[in-house]
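K.L.:
Dropping a structure here in structure tokens format, bear with me for questions.
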Amino acid sequence: MSNQPRRYHITTFGCQMNKADSERMAGILDTMGFAWTEEPEEADLILYNTCTIRDNAEQKVYSYLGRQAKRKQTNPDLTIVVAGCVAQQEGEQLLRRVPEVDLIMGPQHANRLEDLLEQVFNGSQVVATEPVHIMEDITKPRRDSQITAWVNVIYGCNERCTYCVVPGVRGVEQSRYPEEIRREMEELGRQGYKEVTLLGQNIDAYGRDLPGSLPDGRHKYNFTDLLREVHDVAGIERLRFATSHPRYFTERLIRTCAELPKVCKHFHIPFQSGDNEVLKAMSRGYTHERYRQIIDTIRRYMPDASISADAIVGFPGETEEQFQNTLKLVEDIGFDQLNTAAYSPRPGTPAALWDNQLDEETKSDRLQRLNHLVSVKAAERSQRYFGRTEYVLVEDVNPKNPSQVMGRTDGNRLTFFAGDFAELRGKIVPVKITEVRAFSLTGEALLPALC
Ligand code: SAH
Ligand code: SF4
Ligand code: F3S
């Protein structure tokens, strides 16, 4: 055996939840004595943290896996791990398809990586997909950034949207205790982090599963209470959260966000469709009128708030007229950003079995038309920044221009400006905006930086 540490590489697909899980799994591998390598082809342990939200996300995993399986034939010491949502969905079937895989582990098992790997190193092929209570985070994540960090708040999802695999692969809601969340954030503050994004599939549903209620006995501890609880953590200057579900987005939460200065005035609230019948078929639990009312209330309290969302086109049975209602909602609201997708039938979801599926051509035509409108509206929304002073938290060097740094405004617009990263790293800098594009801005620093 050589004295070189074994090297590992993690490739992450999917959402922020997976990115946060990957950082924790990397932390575990570090403490086990593995060394990170940028090169998947050089790794002795390769971990794919997978996503199955749409078919193309799943297929990507199989093509990556195929390459590693081949490499294992000449390098039997290679350890192949499949984690995340495809692992959960496919379980043992994945072993039948790619027998070279050593460990298959669902997202709820991320913190157990060390235990599971020990079983692998003792000679077993391991499948860990049974539902478990997620262990509190005793791991030290290996975070990608030293400035912004993710903090899990609630795992899983209790909704049953008819198109979606998430409840099946992430399990039922499990809220972390507020003290644990605060403790993690205090540690981040001590380490010099400046921004925290609180994470959950439906973060505004936080607390429903926690025992007991507040000392005043009036209501159960909820996400608004959590925001108040963590707002004064020393060192953390900015708080963000995602994703919000319209069903739980209350006026009380909106008022709290407006009141608390560290909460960034950016809200990610997916609407999925602008048509009430489609929303009903999706089992979303709200109407487009209710969605519009939420945005109106946000804008009443915070006129400049930026709003982003997710939308699906080509849901089974969606007519041209119903699609037009989605366009109309996008036209009326004027999103700062919108993640769009063509509906993809997923195994184990009700809508996949319906016989009113649309053809691919209709779906991709609608997607293109929606995307066009989104960029027109985003460019319009960007105009309001022109000539203004925005506060930018400096996160990195602009990879396309090393004389510039980059960061985000309070409203989450990516912003570039000339400056020295070594000096400005982690600082919140006032920047006068001189150029606007649909999804990013350029400006000039008005020094000195704030903190
Ligand atoms: N919990 C969040 C979204 C999580 S999934 C919410 O309820 O809003 C992220 C996004 O993927 C969804 O908002 C949806 O727009 C998209 N998505 C989920 N399932 C999909 C499917 N079968 N086809 C296409 N897009 C899908
Ligand atoms: Fe999926 Fe709906 Fe849960 Fe969001 S709320 S994760 S779309 S089931
Ligand atoms: Fe994908 Fe799983 Fe996230 S399916 S979008 S990685 S919850």
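K.L.:
With Rg and the Kirkwood Rh both taken from Cα atoms, where does Rg over Rh land for region 356-451?
P.N.:
Looking at region 356-451, the ratio lands at 1.17.
K.L.:
Right, another one. Find the centroid of the Cα atoms in region 94-172 and in region 316-389, then give the distance between the two in whole Å.
P.N.:
31
K.L.:
Can you pull out the GluC sites (Glu not before Pro) in region 195-287 that DSSP calls coil and that have at most 14 other Cβ atoms within 10 Å?
P.N.:
Those that pass, being in a loop and sparsely packed, number zero.
K.L.:
Taking K and R as +1 and D and E as -1, what net charge do the other residues with C-beta under 13 Å from the C-beta of VAL397 add up to?
P.N.:
-2
K.L.:
List the trypsin sites (Lys or Arg not before Pro) in region 325-411 that DSSP assigns to loop (not H, G, I, E or B) and whose Cβ has at most 12 other Cβ atoms within 10 Å. Which are they?
P.N.:
Answer by residue number: LYS400.
K.L.:
Right, here's the next one. Taking a temperature of 20 °C and a viscosity of 1.002 mPa s, what whole-number D in µm²/s does Stokes-Einstein yield for the chain with Rh from Kirkwood over alpha carbon pairs?
P.N.:
The estimated diffusion coefficient comes to 91 µm²/s.
K.L.:
Can you pull the Rg over Rh of region 70-201, Cα-only, Kirkwood?
P.N.:
Checking Rg against Rh, the ratio lands at 1.02.
K.L.:
Then there is this: Could you give the alpha-carbon Rg of region 1-95 over 2.2 N^0.38 Å, rounded to two decimals?
P.N.:
1.08
K.L.:
Measure out, as a whole number of angstrom, how far apart the alpha-carbon centroids of region 20-92 and region 393-451 sit.
P.N.:
Here the two parts' Cα centres lie 34 Å apart.
K.L.:
Now for a different question. Where a Cα-Cα gap under 30 Å defines reach, which lysines qualify for LYS363, not counting those fewer than 8 residues away within the same chain?
P.N.:
Reachable lysines: LYS19, LYS60, LYS280, LYS328, LYS377.
K.L.:
Further question on the same structure: Is region 146-252 rounded, prolate or oblate when judged by the Cα gyration tensor, a ≥ b ≥ c being the square roots of its eigenvalues, rounded requiring a/c under 1.5 and prolate requiring a/b larger than b/c?
P.N.:
Taking the square roots of the gyration eigenvalues as a ≥ b ≥ c, region 146-252 is oblate.
K.L.:
Just to confirm, what accessible area per residue do you get for the chain at 1.4 Å probe, in whole Å²?
P.N.:
Here the residues of the chain average 44 Å² of exposed surface.
K.L.:
Another question, then. Of all DSSP beta bridges located in the chain, what percent are antiparallel, nearest 5?
P.N.:
If I count the DSSP bridges inside the chain, around 35 percent turn out antiparallel.
K.L.:
With Cβ to Cβ distances under 11 Å as the rule, what net charge do the other residues near ASP365 carry (K, R +1; D, E -1)?
P.N.:
With Lys, Arg at +1 and Asp, Glu at -1, the net is -1.
The values are calculated or read from the model by the stated rules, or taken from the named source; none is laboratory data. Bear in mind the structure is a predicted one, so any value in this text is a computation, not a measurement. Quick reminder, even Gly has a Cβ in these numbers, built from the backbone with ideal geometry, and neighbours come from all protein chains shown. Ligands, DNA and RNA are stripped out before the accessible areas are found, and what is left, the full protein with its side chains, is counted by its heavy atoms. Shrake-Rupley method; radii C 1.70, N 1.55, O 1.52, S 1.80 Å.
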